[in-house]
């Protein structure tokens, strides 16, 4: 994303405008950062420090006091939660990529009867918000005996992701069909073409889907909360939610838990910024 | 994959051969090909036309089998069941369920305590309006050349990526009595201690504020992308004509991002009706902050009123479909087709 060309910005406009623009940006940045920074500060304080008061903005006595993190990690069962989340991420992302690209390939490259119907089915499904059907979806999942199993969220994440189909469809249209034909002439069958030609060319789209899907799955609360109530199946969202009970008003532990959950997102964001912006823009508009 | 290989297999390829079996196809190869290579040529024609035809018809369905199975199992079967449950008194567990006609729907619209949750949506609707305006302002500002442009972009977008439960806790702490918000306000000589989540009005306003904090970044990135897809020459031309910033926004940016703007509005409206995470995590729906989805989830999974909960869900679904339909009518130029 490059900046738009600006013709003699400084000379034409009065200085006051520029100052106000920067002022608004700084205020917005503070509004975003202050709640997070306060939680970070709290996570480094001892319970004694918190009990003494001293206000939300007081600095911790020991900047390297990580004992709250140890408590949150151990008593909050965060290690298992990260493990469960990683397991769900691995399968649901792989599934989403394969299913999304196969669907897009079939819809874009073949002419068949009922094609219009199939497209209408996928299209209409985008209009049905997932949260509204959960009461009935629950019964379906339950009837498969998948309730309280890690496969329930995996299947739900794979099955309801229409956004990734859109992203793949946009991308597959840009791959010339002459490539398919050349491969077919060489004797490749449809599956070989999909696997050896289309899928490798879809790499940028796959990266987008992996990032978008990964972040939304990592952060999802609703589905693991409804479908995996037992404690040992907690994902990072539900494990963190359980902090409400045992840690009660121990804000230093709760804060440490929250920071533990936010940290991986921050790292991913810092390393993959550009792809993340593009991915969310593509995912929401197409 | 040499060109020679391509050529020879081209003449043997199913597409060029499928309709020409029999002696007509055999005669040329007898002239210029050795007999050893001709054997596949002779064998194929006998069964090719039919088998290929079937294969060609089946292939797309092989790719669509799993996706369609998942789509139907986890979207269409639930929607169908949900409509059916909404006419029953099922509790979600016992094998027996009785058809009760529209009883659930009459309950929903006549019992004020069930209907009241709809009004909570207005807080979030107002919040969405604020959110879109803020996002539009910062997207416009940051699409021009500014110092620390990428830093501000990152800071504004980041909240959208944060885990909802973590956000819930961050703001529970933020709104505490004598907590962060009270401290900040006291710097400006305002307030003092205030139980922000104590009464319905201030609790809902606070929660709606959290939703602005969380979702402005998404709108911002969508608008930014749309603004940057407007060709730069348009601005240059406008500036040569002496157009002010506001005129540029009014006549170039606003029309240029209309489709994304309308998409944001529809997402905002349906999102406001379907709020769940933040109020559930922060207040569990207490002190009048229960939303439509929280109520539905509680009815279904705590009070075992699956029938009534399904009726709620059907009503919510219908409202969202209606809004989407109206939006498609109003902004017909938006491309929503799959092909």
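Taken over the stretch A:256-275, the criterion of being modelled with pLDDT of 85 or more and more than 7 Å from chain B (Cβ to nearest Cβ) is satisfied by A:256, A:257, A:259, A:260, A:263, A:264, A:266, A:267, A:268, A:270, A:271, A:272.
Screening residue B:154 with (1) under 30 Å from residue B:210 (Cβ atoms); (2) crowded, with 17+ Cβ neighbours inside 10 Å; (3) modelled with pLDDT of 90 or more; (4) in contact with a helix residue (DSSP H, G or I) (Cβ under 6 Å, 6 or more places away or on another chain) gives one miss only, at (4). Considering the conditions (1) closer than 25 Å to residue A:220 by Cα; (2) at the interface with chain A (Cβ under 10 Å from one of its Cβ atoms); (3) modelled with pLDDT under 85, residue B:197 is excluded by exactly one of them, (2). Which members of the stretch B:155-183 meet the condition of being more than 7 Å from every other protein chain (Cβ to nearest Cβ) and without any contact (Cβ under 8 Å) to a residue 24 or more places away in the chain? Listed by number, the residues that qualify are B:176, B:177, B:178, B:181, B:182.
Does residue A:168 fit the bill of being assigned to a helix (DSSP H, G or I), at pLDDT 85 or above, in contact with a helix residue (DSSP H, G or I) (Cβ under 9 Å, 6 or more places away or on another chain) and closer than 29 Å to residue A:130 by Cβ? So residue A:168 passes the test. Please work out if residue A:90 is assigned to a helix (DSSP H, G or I), closer than 23 Å to residue A:209 by Cβ and within 21 Å of the chain's Cα centre (by Cα). The answer is yes for residue A:90.
For the stretch A:110-139, give me each residue that is in a helix (DSSP H, G or I) and surrounded by fewer than 19 Cβ atoms within 10 Å (Cβ to Cβ). Hits for the stretch A:110-139 are A:115, A:116, A:117, A:119, A:120, A:121, A:123, A:124, A:126, A:127, A:130. Filtered by the rule that a residue be over 30 Å from residue B:249 (Cα atoms), facing chain B (nearest Cβ under 7 Å) and at pLDDT below 85, the stretch A:1-55 gives a lone residue, A:55.
Does residue B:152 fit the bill of being assigned to a helix (DSSP H, G or I) and within 8 Å of chain A (Cβ to nearest Cβ)? Don't jump to the end; show me each part of the working.
Working: assigned to a helix (DSSP H, G or I): yes; within 8 Å of chain A (Cβ to nearest Cβ): yes.
Yes; evaluated as a whole, the condition is true for this residue.
Filtered by the rule that a residue be surrounded by fewer than 18 Cβ atoms within 10 Å (Cβ to Cβ) and farther than 25 Å from residue A:220 by Cβ, the stretch A:61-84 gives A:61, A:62, A:63, A:64, A:65, A:66, A:67, A:70, A:71.
Got a sec? Which of A:40, A:33 is within 19 Å of residue B:171 (Cα to Cα) and touching a residue at least 24 places away in the same chain (Cβ under 8 Å)?
Values: A:33 fails: touching a residue at least 24 places away in the same chain (Cβ under 8 Å).
Answer to the selection: A:40.
Would the stretch B:86-94 turn up any residue that is under 30 Å from residue B:220 (Cα atoms) and either more than 7 Å from every other protein chain (Cβ to nearest Cβ) or out of contact with any strand residue (DSSP E or B) (no Cβ under 6 Å at 6 or more places or on another chain) (or both)? For the stretch B:86-94, residues under 30 Å from residue B:220 (Cα atoms) and either more than 7 Å from every other protein chain (Cβ to nearest Cβ) or out of contact with any strand residue (DSSP E or B) (no Cβ under 6 Å at 6 or more places or on another chain) (or both): absent.
Screening residue B:99 against (1) touching a strand residue (DSSP E or B) at 6+ places or on another chain (Cβ under 7 Å); (2) surrounded by 12 or more Cβ atoms within 10 Å (Cβ to Cβ) leaves a single unmet condition, (2). Checked against (1) touching a helix residue (DSSP H, G or I) at 6+ places or on another chain (Cβ under 8 Å); (2) touching a residue at least 24 places away in the same chain (Cβ under 8 Å), residue B:93 passes all but a single condition, namely (1).
Looking at the stretch A:144-158, is at least one residue surrounded by fewer than 19 Cβ atoms within 10 Å (Cβ to Cβ) and within 10 Å of chain B (Cβ to nearest Cβ)? Among the residues of the stretch A:144-158, at least one is surrounded by fewer than 19 Cβ atoms within 10 Å (Cβ to Cβ) and within 10 Å of chain B (Cβ to nearest Cβ), which makes the answer yes.
Would you check if there is a residue in the stretch A:231-243 being within 14 Å of the chain's Cα centre (by Cα) and in a helix (DSSP H, G or I)? Reasoning before the result, please.
Just the residues of the stretch A:231-243 that are within 14 Å of the chain's Cα centre (by Cα), to begin with: A:235-237.
The next check asks that each one be in a helix (DSSP H, G or I); those that pass are A:236-237.
Scanning the stretch A:231-243, I find at least one residue that is within 14 Å of the chain's Cα centre (by Cα) and in a helix (DSSP H, G or I), so the answer is yes.
Taking the stretch B:225-339 and the helices (runs of 4 or more DSSP H) fully enclosed by it, the elements with 1 or more residues that are more than 8 Å from chain A (Cβ to nearest Cβ) and under 20 Å from the mean Cα position of the chain (by Cα) are at B:258-273, B:277-283, B:292-301, B:306-330.
The residues of the stretch B:108-121 that are surrounded by 17 or more Cβ atoms within 10 Å (Cβ to Cβ) and either in contact with a strand residue (DSSP E or B) (Cβ under 7 Å, 6 or more places away or on another chain) or closer than 20 Å to residue B:301 by Cβ (or both), listed by number, are B:108, B:114, B:117, B:120.
Filtered by the rule that a residue be surrounded by fewer than 15 Cβ atoms within 10 Å (Cβ to Cβ) and under 20 Å from residue B:156 (Cβ atoms), the stretch B:223-253 gives a lone residue, B:229.
Of all the criteria given as (1) crowded, with 20+ Cβ neighbours inside 10 Å; (2) at pLDDT 85 or above, the one not satisfied by residue B:134 is (1).
Do we have residue B:173 as buried (at least 16 other Cβ atoms within 10 Å of the Cβ), outside any loop (DSSP other than H, G, I, E, B), at pLDDT below 90 and within 31 Å of the chain's Cα centre (by Cα) here?
Working: buried (at least 16 other Cβ atoms within 10 Å of the Cβ): yes; outside any loop (DSSP other than H, G, I, E, B): yes; at pLDDT below 90: yes; within 31 Å of the chain's Cα centre (by Cα): yes.
So residue B:173 fits the description; yes.
Out of curiosity, is residue B:139 surrounded by 14 or more Cβ atoms within 10 Å (Cβ to Cβ), assigned to a helix (DSSP H, G or I) and more than 8 Å from chain A (Cβ to nearest Cβ)?
Numbers: surrounded by 14 or more Cβ atoms within 10 Å (Cβ to Cβ): yes; assigned to a helix (DSSP H, G or I): yes; more than 8 Å from chain A (Cβ to nearest Cβ): yes.
Yes: the conditions hold for residue B:139.
Total residues in the stretch A:173-230 satisfying the condition of being within 12 Å of another protein chain (Cβ to nearest Cβ), surrounded by 18 or more Cβ atoms within 10 Å (Cβ to Cβ) and either in contact with a strand residue (DSSP E or B) (Cβ under 8 Å, 6 or more places away or on another chain) or part of a loop (DSSP other than H, G, I, E, B) (or both): the figure is 2.
Exactly one residue out of B:117, B:102 is in contact (Cβ under 8 Å) with a residue 12 or more places away in the chain and under 30 Å from residue B:203 (Cβ atoms), and it is B:117.
The values are calculated or read from the model by the stated rules, or taken from the named source; none is laboratory data. On a predicted model such as this, the values are computed, not experimentally measured, just so you know. Note: ideal-geometry Cβ built from the backbone for every residue, glycine included; neighbour counts use all protein chains shown.
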